[in-house]
Amino acid sequence: MTRQVEVRSGMYRDSVGLMQVSRDLRALDGVSSALVAMATELNVDLLVSMGFEQPDGVTPSDLIVGIEAADEDAIARAHTALDSALAAGPSGAGLSDGSREVPPPTILAAARRAPAQLALISTPGRVAAIDAADALAAGLDTMIFSDNVSLEHEVALKEIAADTGLLLMGPDCGTAVVAGVGLGFANVVRPGPVGIVAASGTGAQHLMALLDGVGIGVTHCLGVGGRDMSSAVRARSTLTALDRLDADDTVSTIVVVSKPPAAEVAELVTAHAERLTTRTVLGYLGAGQPDLTATAERVAAAVGLSWVAPRRWGGPVPTSRQGFLRGLFVGGTLCDEAMLIATSELGVVASNIPLDGGRRLDASLTATGHTFLDFGDDAMTVGRPHPMIDPSLRLERLEQELAEPTCAVVLLDIVLGVAAHRDPASDIAALVRQYDTPVVVALIGTRDDPQGLEAQATALAEAGALVHASNAAATREAIALVRRSRA
Amino acid sequence: MTPGPAADLTVVTAGAQMFADALNSQGVATVDVAWTPPVAGTEDALTAVMLDRRRVGANAKALTAMTSAGAALVDVRPAYAALDLEPGHFLHAGPPLTWDRMPGPLRGALIGAVVYEGLADTAEQAEARLDAGKFTFEPAHHRGAVGPMAGVVSSSMWMFELHDETTDHTACCSLNEGLGKVLRYGAYSPEVITRLKWMGDVLGPALQTATRVTGPIDIVAIIAQMIQMGDEGHNRNRAGTLMLLKEWLPALIRSGLPTGDIADVVAFVSGNDHFFLNLVMPACKLMTVAASGIPGSTVVTTMARNGTDFGIQVSGLADEWFTGPAQVADGLYLGNYGPADANPDIGDSAITETAGIGGFAMATAPAIVRFVGGSVSDALATTRRMYDLCVGENPRWALPIMDFRGTPTGIDVTSVLRTGQLPQINTGMAGRVAGVGQVGAGLVSPPMRCFERAAEALARRVSP
């Protein structure tokens with residue numbers, strides 16, 4: 001074992017840098033102990049306590065070096081390392097400030113990075129309320145795409161939004177258009193005089209697509225979440241959204257679309273709408289209420305444009321067969337609307353999202369009689385993407401129903417738009433071709449949607465499907481096919 | 001015509017990247033959150049606390065209280081006068097703990113304090129009496145005081161007394177002994193006791209005279225200047241020390257005290273770069289105590305360690321402690337010391353980070369950034385990360401290198417748990433064994449457990 005103490009005069013380095021040098025020397029092969037430090041009283045004591053000889057006549061502006069190593073070679077290596085460390089000066093990246101790239105870990109942090117107006121949240125439903133509360137605290141209007149947010153948390157969030165005059169869209173708000181910008185599963189719409197408040201994602205998409213079909217543009221479509229018009233939520237977001245649209249001069253006609261609302265909440269919204277200065281068309285879905293297509297027709301009348309019945313693509317009506325209607329939907333409101341029409345024409349239907357008085361399917365989702373499945377329901381999307389993005393679950397079921405002898409007709413929806421599947425028609429068309437079972441499709445999309453409305457419709461029609469731009473019309477054709485088969 | 005880019009709309013996105021992409025493709029600017037799930041098991045408590053309608057207002061109030069509190073040095077006097085501290089009763093750093101759970105440095109400091117007070121003749125006798133339960137202990141925080149490292153205060157030790165005119169609160173801290181073998185690091189050798197006696201006989205009275213003649217000295221203002229001079233107020237207090245000395249000098253020179261004593265006092269203060277830490281700490285205590293006890297607030301008002309437990313207090317929960325095991329700092333060691341020699345984290349000095357400086361102001365102290373791991377860029381990133389954990393900024397303390405942005409202030413319990421990122425504390429490291437003293441310095445974080453427990457307690461207090 002060799003010990004060596006050295007004094008280097010007139011060399012100042014800061015203590016932190018020297019601690020680092022000491023550490024690096026100690027890490028060298030054969031070096032058992034090292035101290036490189038300014039010769040303060042404290043450091044000289046430290047040197048002695050480490051077993052080195054006390055250097056004479058040093059002052060705090062001298063650098064002391066103590067090295068203990070296995071042999072002279074190791075001492076020499078340590079000296080070389082020391083020389084290069086001292087020659088190099090301080091290490092580090094200097095002022096090349098990569099720190100500006102620190103990504104914001106929360107919505108509030110993000111809102112501090114740049115002035116924003118809106119937050120779009122698609123974090124897991126179990127914790128989405130946390131992020132939404134953060135967004136509202138940051139003063140942002142907030143859209144919660146996430147589903148599986150509890151009703152209790154929805155009410156609490158909407159109370160906070162009401163406190164602060166902010167608009168909370170959602171939870172489970174699949175689509176919105178704000179100042180012409182599509183959020184979530186939005187369709188590409190042209191600007192125009194209509195503003196929509198929607199307690200229904202696919203209901204709003206369908207309305208926008210129908211209006212687009214007759215050349216009516218939409219500037220805003222404010223989704224409020226499918227539960228907003230329930231007794232518990234009491235239309236808190238709907239009322240705020242109505243006031244926002246009423247205050248916007250570019251909106252000349254407001255439309256409210258909703259899944260079947262609670263009666264007293266519908267009254268509340270109706271009364272509120274009557275106080276607005278902007279003309280308002282109310283389109284609540286429900287038994288005996290106008291369907292979405294009829295609502296679109298009323299909007300056209302309000303705007304003063306002529307109405308043309310939505311398009312139908314496809315050839316002759318296929319051969320009838322005995323059995324039941326099977327509706328396989330990705331849009332909850334489209335499923336509701338189809339069930340409302342089917343119930344009035346065919347009687348009670350079964351579903352995983354039954355209407356009041358409807359039959360609820362058990363957990364196996366085995367079809368029984370006329371059956372409607374919503375693949376976008378919360379229970380079906382836990383831990384998996386929405387079927388508008390990942391169609392595999394519905395495709396599987398479609399094939400099963402097409403092969404099922406008791407299935408007379410399959411009715412399904414396809415929803416186009418930004419963020420939806422790039423080509424939903426082709427997989428479905430391939431299955432339609434393989435089987436004889438008649439298939440009726442409600443194709444929801446606008447002229448400018450990225451998938452190409454015309455191309456999607458043509459692909460389906462060529463495969464033998466009957467394709468409608470109106471969900472109500474598609475449903476009625478499917479019902480007619482079932483009736484004919486029973487006759 | 002498809003809609004043109006909405007130049008005036010900026011959207012914050014959290015969650016699926018495809019929605020941000022869809023917005024960007026429409027010409028809309030997005031700020032995308034680097035979202036991570038909250039700390040596992042805290043989801044329900046966090047949801048309840050985030051949905052508490054009092055939270056935002058209460059936190060704004062806490063921030064205002066914290067950033068508008070004053071802190072003036074008004075007196076220097078012994079603890080029996082400043083704190084009504086009885087002989088045989090000792091203050092210590094961190095949350096409460098009993099003798100049997102006390103770590104080496106705290107035991108060492110208590111042994112030294114017992115000897116210093118003349119309550120035992122030798123260290124062995126002092127330890128035996130401590131062991132036998134002859135003395136009583138209390139966290140300094142419970143008396144509105146703070147102490148670095150072991151934080152031990154006995155009745156005849158001299159204290160700085162700081163006062164906040166806004167709230168009429170007072171906070172105290174002992175006089176800093178310097179580095180090396182010192183009581184606060186758990187050393188109790190004769191030289192330690194001798195120095196303490198000199199501090200009591202000469203230093204304390206001299207500074208009392210100087211302070212009383214100079215009048216209240218605005219410590220908040222000195223801190224504002226020092227953080228523009230490369231001090232972050234926890235591990236570097238060099239500029240602050242000299243500025244304080246400058247305030248005292250005329251009164252000291254005119255005091256009529258023996259010239260030798262004045263020279264010793266000036267040499268002692270100017271020779272100890274950490275002298276001003278013991279004024280920064282009580283100033284920070286006055287700020288954080290001003291923000292304490294606001295119902296619904298999730299702002300942290302205390303972070304303190306006793307070498308065994310790390311404890312935090314939260315504004316909305318007033319004086320309740322939430323503890324977890326203290327961690328060993330990651331840093332650089334003196335001489336041959338290594339991680340095995342270091343005691344877990346100890347001291348009330350994390351009050352500086354609680355008030356938004358120390359590790360939070362790392363960006364302003366490039367001279368010591370190598371504790372962070374090497375680069376100035378890392379130091380800047382550290383401060384930027386701390387902004388993301390805080391409810392706001394302190395405009396009185398501006399960081400030049402951050403374009404004079406105020407220091408990040410008011411750690412939010414919910415932000416810590418939501419991001420999984422912990423406050424960064426700059427700290428000294430005490431030896432594990434009583435009597436060793438300082439072994440290094442570095443960085444440390446609180447255990448997540450403190451924040452988890454605090455969130456649970458906050459959730460229980462949310463009115464339905």
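The values are calculated or read from the model by the stated rules, or taken from the named source; none is laboratory data. It should be emphasised that the depicted structure is a prediction, and the values quoted were computed from it without experimental measurement. Ideal geometry is used to build each Cβ from the backbone, glycine not excepted, and the neighbour counts take in all protein chains shown.
Which condition number does B:Gln228 fail, the rest of (1) over 28 Å from B:Pro344 (Cβ atoms); (2) within 14 Å of chain A (Cβ to nearest Cβ); (3) among the polar types (S, T, N, Q) being met?
(2)
So for the range A:223-244 (the condition being out of contact with any Pro (no Cβ under 6 Å at 6 or more places or on another chain), over 30 Å from A:Arg126 (Cα atoms) and buried (at least 24 other Cβ atoms within 10 Å of the Cβ)), does at least one residue qualify?
No: the range A:223-244 contains no residue that is out of contact with any Pro (no Cβ under 6 Å at 6 or more places or on another chain), over 30 Å from A:Arg126 (Cα atoms) and buried (at least 24 other Cβ atoms within 10 Å of the Cβ).
Go over the candidates A:Gly180, A:Gly184 one by one and state the one that is at the interface with another protein chain (Cβ under 7 Å from one of its Cβ atoms), touching a Cys at 6+ places or on another chain (Cβ under 8 Å) and at positive phi.
The conditions single out A:Gly184.
Name the single residue that is nearest to B:Pro37 (Cα to Cα) among those in the range A:125-140 being more than 7 Å from every other protein chain (Cβ to nearest Cβ) and surrounded by fewer than 23 Cβ atoms within 10 Å (Cβ to Cβ).
A:Gly125
Can A:Ala119 be described as crowded, with 24+ Cβ neighbours inside 10 Å, in a helix (DSSP H, G or I) and either within 7 Å of chain B (Cβ to nearest Cβ) or within 14 Å of the chain's Cα centre (by Cα) (or both)?
Judged against the criteria, A:Ala119 is not a match.
Could you grab me the full set of residues in the range B:316-333 that are part of a strand (DSSP E or B), surrounded by fewer than 22 Cβ atoms within 10 Å (Cβ to Cβ) and more than 14 Å from chain A (Cβ to nearest Cβ)?
Once the filter is applied, which keeps residues that are part of a strand (DSSP E or B), surrounded by fewer than 22 Cβ atoms within 10 Å (Cβ to Cβ) and more than 14 Å from chain A (Cβ to nearest Cβ), the range B:316-333 yields B:Gly324, B:Pro325.
For residues that are over 16 Å from the mean Cα position of the chain (by Cα) and in a helix (DSSP H, G or I), scanning just the range B:342-370, find the one that is farthest from B:Gly240 (Cα to Cα).
Result: B:Arg370.
Output the residues belonging to the range A:49-59 that are surrounded by fewer than 14 Cβ atoms within 10 Å (Cβ to Cβ) and over 18 Å from B:Leu332 (Cβ atoms). If you could, list the steps in order and put the result at the bottom.
At the first step, the residues of the range A:49-59 found to be surrounded by fewer than 14 Cβ atoms within 10 Å (Cβ to Cβ) are A:49, A:51, A:53-54, A:56-57, A:59.
Correct list: A:Gly51, A:Glu53, A:Gln54, A:Asp56, A:Gly57, A:Thr59.
Listed here are the residues, each with its yes/no results for (1) modelled with pLDDT of 95 or more; (2) among the acidic types (Asp, Glu); (3) not in a loop (DSSP other than H, G, I, E, B).
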position: A:Ser146; (1), (2), (3): no, no, no
position: A:Ala161; (1), (2), (3): yes, no, yes
position: A:Leu166; (1), (2), (3): yes, no, no
position: A:Asn187; (1), (2), (3): no, no, no
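Identify the residue in the range B:379-414 that is within 12 Å of another protein chain (Cβ to nearest Cβ) and part of a loop (DSSP other than H, G, I, E, B) and, among all such residues, is surrounded by the fewest Cβ atoms within 10 Å (Cβ to Cβ).
For the range B:379-414, the residue satisfying everything is B:Asp403.
Among the numbered conditions (1) among the acidic types (Asp, Glu); (2) within 20 Å of A:Glu337 (Cβ to Cβ); (3) buried (at least 17 other Cβ atoms within 10 Å of the Cβ), tell me where A:Asp449 comes up short.
Evaluating A:Asp449 over (1) among the acidic types (Asp, Glu); (2) within 20 Å of A:Glu337 (Cβ to Cβ); (3) buried (at least 17 other Cβ atoms within 10 Å of the Cβ) leaves (2) as the failure.
With respect to the numbered conditions (1) closer than 21 Å to B:Val220 by Cβ; (2) part of a helix (DSSP H, G or I); (3) more than 14 Å from chain A (Cβ to nearest Cβ), which one is the sole condition not fulfilled by B:Ala81?
B:Ala81 satisfies every listed condition except (1).
I'd like the full set of residues that are surrounded by 21 or more Cβ atoms within 10 Å (Cβ to Cβ) and closer than 17 Å to B:Ala355 by Cα, limited to the range B:228-247.
Result: B:Asp231, B:Glu232, B:Gly233, B:His234, B:Asn235, B:Arg236, B:Asn237, B:Gly240.
In this structure, does B:Ala20 turn out to be surrounded by 16 or more Cβ atoms within 10 Å (Cβ to Cβ), in contact with a Ser or Thr (Cβ under 8 Å, 6 or more places away or on another chain) and either assigned to a strand (DSSP E or B) or not assigned by TED's automatic domain parsing to the domain that holds B:Glu161 (or both)?
On the way: surrounded by 16 or more Cβ atoms within 10 Å (Cβ to Cβ): yes; in contact with a Ser or Thr (Cβ under 8 Å, 6 or more places away or on another chain): yes; either assigned to a strand (DSSP E or B) or not assigned by TED's automatic domain parsing to the domain that holds B:Glu161 (or both): yes.
Here the answer is yes, as B:Ala20 does meet what is asked.
In the range B:310-332, is there at least one residue being modelled with pLDDT of 95 or more and of a type in the set (Ser, Thr, Tyr)?
Yes: one or more hits.
Of (1) among the small types (Gly, Ala, Ser); (2) more than 14 Å from every other protein chain (Cβ to nearest Cβ); (3) crowded, with 18+ Cβ neighbours inside 10 Å, A:Ser84 satisfies all except one. Which?
Against the list (1) among the small types (Gly, Ala, Ser); (2) more than 14 Å from every other protein chain (Cβ to nearest Cβ); (3) crowded, with 18+ Cβ neighbours inside 10 Å, A:Ser84 comes up short only on (3).
Would you mind finding the one in A:Leu25, A:Leu42 that is at the interface with chain B (Cβ under 8 Å from one of its Cβ atoms) and either closer than 28 Å to B:Glu191 by Cβ or surrounded by 19 or more Cβ atoms within 10 Å (Cβ to Cβ) (or both)? Show your work before the answer.
Values: A:Leu25 fails: at the interface with chain B (Cβ under 8 Å from one of its Cβ atoms).
So the residue among A:Leu25, A:Leu42 that is at the interface with chain B (Cβ under 8 Å from one of its Cβ atoms) and either closer than 28 Å to B:Glu191 by Cβ or surrounded by 19 or more Cβ atoms within 10 Å (Cβ to Cβ) (or both) is A:Leu42.
In the range B:37-60, how many residues are facing another protein chain (nearest Cβ under 7 Å) and surrounded by fewer than 17 Cβ atoms within 10 Å (Cβ to Cβ)?
Counting residues in the range B:37-60 that are facing another protein chain (nearest Cβ under 7 Å) and surrounded by fewer than 17 Cβ atoms within 10 Å (Cβ to Cβ) gives 2.
For residues that are assigned to a helix (DSSP H, G or I) and closer than 20 Å to B:Val416 by Cβ, tally how many sit in the range B:267-300.
Residues flagged as assigned to a helix (DSSP H, G or I) and closer than 20 Å to B:Val416 by Cβ within the range B:267-300 amount to 3.
Within the range A:382-405, track down each residue that is out of contact with any strand residue (DSSP E or B) (no Cβ under 6 Å at 6 or more places or on another chain) and not in a helix (DSSP H, G or I).
A:Val382, A:Gly383, A:Arg384, A:Pro385, A:His386, A:Pro387, A:Ile389, A:Asp390, A:Pro391, A:Ala403, A:Glu404, A:Pro405
Taking B:Gln424, is it surrounded by fewer than 24 Cβ atoms within 10 Å (Cβ to Cβ), touching a residue at least 12 places away in the same chain (Cβ under 8 Å), assigned by TED's automatic domain parsing to the domain that holds B:Tyr333 and not basic (Lys, Arg)?
For B:Gln424, the condition - surrounded by fewer than 24 Cβ atoms within 10 Å (Cβ to Cβ), touching a residue at least 12 places away in the same chain (Cβ under 8 Å), assigned by TED's automatic domain parsing to the domain that holds B:Tyr333 and not basic (Lys, Arg) - is met.
Specify which of the listed residues (A:Ala294, A:Ala301) is surrounded by fewer than 23 Cβ atoms within 10 Å (Cβ to Cβ), in contact (Cβ under 8 Å) with a residue 24 or more places away in the chain and either assigned to a helix (DSSP H, G or I) or in contact with a Gly (Cβ under 7 Å, 6 or more places away or on another chain) (or both).
A:Ala294 is the lone residue from the list that is surrounded by fewer than 23 Cβ atoms within 10 Å (Cβ to Cβ), in contact (Cβ under 8 Å) with a residue 24 or more places away in the chain and either assigned to a helix (DSSP H, G or I) or in contact with a Gly (Cβ under 7 Å, 6 or more places away or on another chain) (or both).
Here is a yes/no grid of residues against (1) closer than 19 Å to A:Gly182 by Cβ; (2) modelled with pLDDT under 90:
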position: A:Thr381; (1), (2): no, yes
position: A:His386; (1), (2): yes, yes
position: A:Glu396; (1), (2): no, no
position: A:Leu402; (1), (2): no, no
position: A:Cys407; (1), (2): no, no
position: A:Leu411; (1), (2): no, no
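Pick from the range A:74-101 the residues that are at pLDDT below 50 and among the hydroxyl-bearing types (Ser, Thr, Tyr): which of them is nearest to B:Met402 (Cα to Cα)?
So, considering only residues that are at pLDDT below 50 and among the hydroxyl-bearing types (Ser, Thr, Tyr), the one nearest to B:Met402 (Cα to Cα) is A:Ser96.
Which of the residues spanning the range A:444-475 are without any contact (Cβ under 8 Å) to a residue 24 or more places away in the chain and over 30 Å from B:Leu23 (Cα atoms)?
None; the set is empty.
Give B:Leu422, B:Leu417 a once-over and let me know the one that is outside any helix (DSSP H, G or I), within 14 Å of another protein chain (Cβ to nearest Cβ) and modelled with pLDDT of 95 or more.
The conditions single out B:Leu422.
So for the range A:146-157 (the condition being more than 13 Å from chain B (Cβ to nearest Cβ) and touching a strand residue (DSSP E or B) at 6+ places or on another chain (Cβ under 8 Å)), does at least one residue qualify?
No; the residues of the range A:146-157 include none that is more than 13 Å from chain B (Cβ to nearest Cβ) and touching a strand residue (DSSP E or B) at 6+ places or on another chain (Cβ under 8 Å).
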